[in-house]
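Novice: What follows is a structure written as structure tokens; I'll ask about it next.
The values are calculated or read from the model by the stated rules, or taken from the named source; none is laboratory data. Worth saying up front: this structure is predicted, and the values here are computed from it rather than measured. Virtual Cβ from ideal backbone geometry, glycine too; neighbours counted across all protein chains shown.
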Amino acid sequence: MAPQVELPRVPAPADEADVMREQLEYLIEHAAEAGPCGCSDCQRYQRVRAILLEIFGEPQCAKVVTMPQRFANAA
């Protein structure tokens, strides 16, 4: 009978959403504690922040009708 060899267990890969949350938390904490010091983490924070807040910026589509224009067209 051959001796049993126990292989090391390989952990399951981390969930991407958990890793992203962890990275965001780290970047937010770094920016809050250190302020904008210009390091690579601060630069990463600024890039990520700009991308995530992009949706709240000015509309990129020329066909967007604002509320005052909509009311003027209805009259």
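Novice: Can you find, within the stretch 1-24, the residue that is farthest from the chain's Cα centre (by Cα) among those that are of a type in the set (Asp, Glu) and part of a loop (DSSP other than H, G, I, E, B)? Before the answer, list the steps.
Specialist: Taking the stretch 1-24 first, the residues of a type in the set (Asp, Glu) are 6, 15-16, 18, 22.
Filter again for part of a loop (DSSP other than H, G, I, E, B), leaving 6, 15.
Working: 6: 40, 15: 15 Å.
By that ranking, first place goes to 6.
Novice: Would you point out which residue out of 3, 36, 68 is at negative phi, modelled with pLDDT under 85 and either among the aromatic types (Phe, Trp, Tyr) or surrounded by 10 or more Cβ atoms within 10 Å (Cβ to Cβ) (or both)? Can you show your working first?
Specialist: Working: 3 fails: either among the aromatic types (Phe, Trp, Tyr) or surrounded by 10 or more Cβ atoms within 10 Å (Cβ to Cβ) (or both); 68 fails: either among the aromatic types (Phe, Trp, Tyr) or surrounded by 10 or more Cβ atoms within 10 Å (Cβ to Cβ) (or both).
Going through 3, 36, 68 in turn, the sole match is 36.
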